[in-house]
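Colleague: What follows is a single structure, and I will ask about it in a moment.
The values are calculated or read from the model by the stated rules, or taken from the named source; none is laboratory data. What you are looking at is a predicted structure, and each value in this text was computed from that prediction instead of being measured. As a convention, Cβ positions derive from the backbone with ideal geometry for all residues, glycine included, and neighbour counts pool all protein chains shown. For accessibility, only protein heavy atoms count, side chains too; no ligands or nucleic acids. Shrake-Rupley method; radii C 1.70, N 1.55, O 1.52, S 1.80 Å.
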Amino acid sequence: MTALRQRKGSKGKEHPPLGAEFQSQQSNFWTSVGWSVSVGLGLLCCIYVATLHENDLWFSNIKEVEREISFRTECGLYYSYYKQMLLAPSIQEGLSDLIHDNLTESKRTINLLQRMNIYQEVFLSVLYRLLPIQSYLEPVYFYIYTVFSLQAVYVIALYLTAWLLSGSWLAGVLTGVWYILNRVDTTRVEFTISLRENWSLPFLALQVTAITCYLRPQLTSLQQKVMVWLMYVMTFCFCLTWQFNQFILLVQALIIYTMDCADFLTTTQVTTLYLVQVSGLLSVWLLQFCNSMILGSLVLSFIVAALFIRHCQSGLKTGSLLVRLGKLLLHSAMVLLLTFTINYLAKKALQLRSDEHIFKFIKSKFALGPTRDFDASLYLCEEAFGLLPLDTLERLAGTLLLYPYILTLLLLIGMLVVGALQNLRSKGGSAEERKGAGEGRATSFRPDVAYNVLHTLFYGLLAFSTMRMKYIWTGHMCAVAAYGVCGTELWNPLLTTLRCNSKLRLVRYAIPLAMMCCLYYKFWPKLMEELSELREFYDPDTVELMTWISTKTPKRAVFAGSMQLLAGIKLCTGRVLTNHPHYEDKDLRERTRQVYQVYGRRSPEEVHDILKAVGADYVVLENSICYERRHRRGCRLRDLLDLANGHIMDGPGENDPDLVPASHPRFCEAIKTDAAAYSALFTRTFHNKTFHVYRVKKKRKKKKDKKKSTLLTKT
């Protein structure tokens, strides 16, 4: 009997562990499959964009100068510092040259590590010098492959976010497929490799993944600490690699503030998320040699104001619904008032004016400021800073992304509003009290879902207002849509209405698989056709210009011209520049406006004085700017200069009544006539179909001036 009882007892104890062990093994297997698929999709995206880049330029077969020219506009400027670090005799000397740079802006010595976000170029150059790969991997490939690899990281981060939200890695697969199929709207890395956003957005996506995981209720204390550290590291990397970090973090801070007001977060969570942002920004501030733009940023002022007002208003989350709504309105007004006060005082104390062009742009965009400001107009006239074109939505709809996204967003916004009202009506008070009482978590809206809904909503509004910001929105849009397709929130109400609750599991797996089969059938032939298209880089005029500068001009010669072209000159020839595309400095913006007078209606003497004042030895004039037709009237560079100078614009069309005719012809046209007034001050030294290069002569003193000076010396 005893033996029998023992065997029964042992059987009773053995069966549950065996079942639990089997379930655990099954869960581990599918988790491993999910992780493997995420890595596979990331690598697929990386190979895809790398192949497109190679096919478009035939990058492996063109000359070195052509490869460098392919880094257009500001991309060339950033890549030039990677090249400069590699050519330096040592890492220490390379860093010293960056900290005391006198090549990027003539007659000025600037700290590039303070002014620009180029630590990624420094890190890669040091890594390349230290690793034993120089014999079989060229520096340029090490650079571009690193950027393409970050696209794999981006896809994996979006995959994990969708997986965390939905509980199914199929949502991650659908996210990755949508990201790749919507490449035109999710990334432009294959032709703008060095842009700061291509470095930073993968880290932002990882930060969002860490936040999503941090807000899950079932985390242990250790897991929460790990997530906080991950959030900090990702925030730091994001801020370090993009100069627009403060504006992106400001939107994120507003999301956190909204969730706090709607009581989706505990006080600890709110404070932690704010402090992660502050810590990331201050760490970058230290690395950028105490860059004043960071201390004077709106996001820091907002976080300080939000935390201070929240601490002072201890009874904010008490009372009836109407009372709490009234308190929240007053609270928000006080936070905004204190934010602008702190920001104004900080900028006054720091004498900060470097970011004023951004606020000019915002004011002009919404017709709140002057419309003739040169800096603001330069942004407004670029398509990337305009409103989001409607054809973007057509493309997103064509890949079956837009429709589930809209349905998911509408449903989740409705649930978010209901959850917020429940929280505000709750007699339990704050989120901590409800959590402690054990109520509401089953019926309340999940905080991780709430964060992602507000993230896609806020950044979606930003994308619609400024097209360049769509790349923050569209990637996350894939994750939200995939969550809607694979999650339970969208299907539960529908299946409950149809009385098919038992089919939920089947639907969650069958629908995404059916969608992926449909996408494969529709887009696989197009992808293969796209990958089979072979082109070749061809820009002989620019190659000829760069070759001439490298061989026929002094190494310390100073060149003036358009920002975009000068970035290429810096990269290909190493010559000194008067101005460049990194527009985050007030003095540089003023200098650029002055140098651009070569395309305005100014006298040769005025232009000569301007160029000599900035130390220019040569000026490069571009026919594509002088006779520009790409932009509409009023947005051509020559029109912006005419408006800023108070002159009537070229061509048929209306002009403002206060504009007057210019007293001089357009300089870039008149100088080609070789009239005496121009040839006395400028000598043409190079020209082809696209470019005209003039050497800026030293001004000869007139004989009368010489006689006067001799008389003065005698007296």
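Colleague: Need one number: % antiparallel among DSSP beta bridges in the chain, to the nearest 5.
Modeller: Within the chain, antiparallel bridges account for around 70 percent of the total.
Colleague: Report, to two decimal places, the Cα Rg of region 540-696 normalised by 2.2 N^0.38 Å (N = number of residues).
Modeller: 1.03
Colleague: Sticking with this structure for a sec: Which whole-number percent is the relative contact order of the chain (Cα, under 8 Å, 6+ apart)?
Modeller: Relative contact order comes out at 17 percent.
Colleague: Taking the Cα centre as origin and putting +1 on Lys and Arg beta-carbons and -1 on Asp and Glu beta-carbons, what dipole magnitude results for region 540-696, to the nearest 20 debye?
Modeller: Here the size comes out at about 560 debye.
Colleague: When only Cα pairs under 8 Å and 6 or more residues apart are kept, what is the percent relative contact order across region 540-696?
Modeller: That works out to 25 percent.
Colleague: Using only the alpha-carbon atoms, how far is helix 504-532 inclined from the longest principal axis of the chain? Give it as 0 to 90 degrees, nearest 10.
Modeller: 30 degrees
Colleague: Over the C-alpha atoms of the chain, what are the Rg and the largest Cα-to-Cα span, Dmax, in Å?
Modeller: 30.1, 134
Colleague: On the protein heavy atoms, probe 1.4 angstrom, tell me the percent of accessible surface of the chain carried by carbon and sulfur.
Modeller: So the carbon and sulfur contribution to the accessible surface is 63 percent.
Colleague: Could you give the length gained by full extension between residue 28 and residue 323, i.e. 0.36 nm per residue of separation minus their alpha carbon distance, to one decimal place?
Modeller: Roughly 101.3 nm would be gained on extension.
Colleague: Another question, then. Sorting check: for 81-91, 174-184, 217-227, which peptide has the highest mean count of neighbouring beta carbons within 10 Å, and how do the rest follow?
Modeller: Descending packing order for the listed peptides: 174-184, 81-91, 217-227.
Colleague: Give me the percent of DSSP beta bridges within region 540-696 that run antiparallel, rounded to the nearest 5.
Modeller: The antiparallel proportion sits near 65 percent.
Colleague: Report, in degrees rounded to the nearest 10, the 0 to 90 angle that the Cα long axis of helix 321-350 makes with the longest principal axis of the chain.
Modeller: With both axes taken from Cα atoms, the answer is about 30 degrees.
Colleague: Moving on to the next point. Can you grab the distance from the C-alpha centre of region 642-665 to the C-alpha centre of region 17-94, Å, no decimals?
Modeller: Result: 49 Å between the Cα centres.
Colleague: Name the residue farthest towards the positive end of the dipole of region 540-696 from the options 610, 661, 646, assuming +1 on Cβ of Lys and Arg, -1 on Cβ of Asp and Glu, about the Cα centre.
Modeller: Positive-end residue among those listed: 610.
Colleague: Another question, if that's okay. With the Cα gyration tensor of region 609-676 giving a ≥ b ≥ c as the square roots of its eigenvalues, does the rule (a/c under 1.5 for rounded; else a/b larger than b/c for prolate; else oblate) give rounded, prolate or oblate?
Modeller: Prolate, because a/c is 1.5 or more and a/b exceeds b/c.
Colleague: For the chain, what is the charge dipole size about the Cα centre, in debye to the nearest 20, if Lys and Arg each add +1 at the Cβ and Asp and Glu each add -1 at the Cβ?
Modeller: Rounded to the nearest 20 debye, it is 1400 debye.
Colleague: Further question: What does the accessible area per residue of the chain come to in Å², with a 1.4 Å probe and no ligands, DNA or RNA counted?
Modeller: Value returned for the chain: 47 Å² of accessible area per residue.
Colleague: Identify, among 565, 550, 583, the residue whose Cα sits farthest towards the positive end of the charge dipole of region 539-585, taking +1 on the Cβ of Lys and Arg and -1 on the Cβ of Asp and Glu, with the dipole about the Cα centre.
Modeller: With unit charges placed on the Cβ atoms, the residue in question is 550.
Colleague: Report, in degrees rounded to the nearest 10, the 0 to 90 angle that the Cα long axis of helix 470-486 makes with the longest principal axis of the chain.
Modeller: 20 degrees
Colleague: What does the helix-only formula give at 222 nm for the chain: each DSSP H stretch with n ≥ 4 adding -39500 (n - 2.57), the total divided by the residues, and the result rounded to the nearest 500 deg cm²/dmol?
Modeller: Taken over the chain, the calculation gives -21500 deg cm²/dmol.
Colleague: Moving on to the next point. Toward the positive end of the charge dipole of region 245-353, about the Cα centre and with charges on Cβ (Lys, Arg +1; Asp, Glu -1), which of 252, 313, 271 goes farthest?
Modeller: Highest projection toward the positive end goes to 313.
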